[in-house]
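To start, the structure itself, in structure tokens.
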Amino acid sequence: MLDLQRLRALHAVSVHGTVGAAAAALGYTPSAVSQQIAKLERETRTVLLERRGRGVRLTEQAEQLASTAQELLAIVERAETDLEERRGMPAGRLTVAAFASAARGLMPSVLADLALRHPALDTRLTEIDPHLSVDLVARGAVDLAVAHDWDISPLPAPPGVEQAVIGDDLCDLLVPAGHPFAGRDSVRREDLGGQRWICQPPGRVCHDWLVRTLRAAGSEPDIVHQAEENPTLIALVAAGLGVALIPRLGRGPLPGGVVEVPLDPLPVRRLYALWRSGAARRPAIAETVRTLRSHWPKVTERP
């Protein structure tokens, strides 16, 4: 008989692409995941993982087994949902994926609140890019995701995934203290041409928004520095190396030498909670969404 936990480990590697990423998502060590899959290989008498450079890839047989594992995990999820719904209390494990600034600025207080009020609920957080997290929800790799989109870049929800708005996060232009924009009450998007920009790398939502917005206003952005994390971007602005567009969520107090200037109109990114339709009846899902919304006004006050 196939062991469900071993199938879960294989499914996680299929979804996340590496043993390490699968282990992080499951809350295990990489060696524990490797051991689970090695046992599954012995039980099935099938090679499931093949070495490819420094990583691994699933064999054709493993892909088929991972697809079956996804179906089995969906059945287990429905059974767990039925039991939890009958009890009427949030319980069991709930895996949540959130993008970086939400993981820093929103989730700590939400997770602490849930742990205090619902000790039977075991909520576990993974930080991940918002567009990747939506697919993880659809594939059953995580139970709930906190993701975002921008006003000109909507976030699509695939079939079988439901969503609820958490709130709107405003974004400001950050400039060095001696910058010509530093003394202005606001700056129009049409005035942003010719600036030296600091932003996230291509493929990130913030980067794509900046490029599309400036091109729509008639200028090509001069992106001189790129970094993943907002604190790094802000540090580069503080050093006088350029300007940046930074959301307020999780930003914290600005360091000396950095001035916040509102754009006109203010850019907005909207935060969503997303979950599978089959899990919508879980009290844990409903309570987590409610808690996210209740904490939102507290974390969006201007630093």
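The values are calculated or read from the model by the stated rules, or taken from the named source; none is laboratory data. Just so it is clear, the structure is predicted and the values come from calculations on it, not from any experiment. Quick reminder, even Gly has a Cβ in these numbers, built from the backbone with ideal geometry, and neighbours come from all protein chains shown. Keep in mind that these areas ignore ligands, DNA and RNA; they rest on the heavy atoms of the full protein, side chains included. Shrake-Rupley method; radii C 1.70, N 1.55, O 1.52, S 1.80 Å.
For the chain, what does the helix formula give at 222 nm: sum of -39500 (n - 2.57) over DSSP H segments with n ≥ 4, over the residue count, nearest 500 deg cm²/dmol? Result for the chain, helices only: -13500 deg cm²/dmol.
With a length cut of 20 Å (Cα positions projected on each helix's long axis) and a Kyte-Doolittle mean of at least -1.0, go through the chain and give me the DSSP H helices that pass. Membrane-span-like by this criterion, though nothing is claimed about a membrane: 30-44, 60-87, 283-299.
Considering only the other residues whose Cβ falls under 15 Å of the Cβ of residue 6, what net charge follows from Lys and Arg at +1 and Asp and Glu at -1? Local net charge: +1.
Taking a sphere under 14 Å around the Cβ of residue 290 and counting the other residues whose Cβ falls inside, with K and R at +1 and D and E at -1, yields a net charge of +1.
Annotation for region 269-295 versus region 1-48: alpha-carbon center distance of 28 Å.
Loop-only trypsin sites (Lys or Arg not before Pro) in region 1-66, please: DSSP not H, G, I, E or B, and at most 14 other Cβ atoms within 10 Å. In loop regions of region 1-66 (DSSP not H, G, I, E or B), the sparsely surrounded trypsin sites (Lys or Arg not before Pro) are 45, 54. Please work out whether region 134-292 counts as rounded, prolate or oblate from its C-alpha gyration tensor, where a ≥ b ≥ c are the square roots of the eigenvalues and a/c under 1.5 means rounded, while otherwise a/b larger than b/c means prolate and anything else oblate? Judged from the Cα gyration tensor, region 134-292 comes out prolate (a/c at least 1.5, a/b above b/c).
Taking the DSSP beta bridges with both ends in the chain, the antiparallel portion is around 65 percent.
Applied to region 173-189, the Karplus parametrisation 6.51 cos²θ - 1.76 cosθ + 1.60 on θ = phi - 60° returns per-residue 3J(HN,Hα) values of 7, 10, 10, x, 4, x, 6, x, 6, 4, x, 8, 6, 6, 10, 7, 4 Hz, with x for Gly and Pro.
Computed from backbone phi, the HN-Hα couplings of region 250-262 come to x, 6, x, x, 7, x, x, x, 10, 10, 8, 10, x Hz, rounded to whole numbers (Karplus: 6.51 cos²θ - 1.76 cosθ + 1.60, θ = phi - 60°; Gly and Pro given as x).
Per residue, the accessible area of the chain comes to 47 Å², computed with a 1.4 Å probe over protein heavy atoms only.
Projected onto its three principal axes, the C-alpha set of region 97-190 covers 54, 34, 19 Å, listed from the longest axis down. Extension gain, residue 35 to residue 47, is 3.0 nm, computed as 0.36 nm per intervening residue step minus the present C-alpha separation. Rounded to the nearest 20, the size of the Cβ-charge dipole of the chain about its Cα centre is 520 debye, with Lys and Arg at +1 and Asp and Glu at -1. The Cα-based radius of gyration and maximum Cα-Cα distance (Dmax) for region 193-267 are 11.8, 33 Å. Computed from the C-beta positions of residue 116 and residue 82, the FRET efficiency with R₀ = 30 Å rounds to 0.65.
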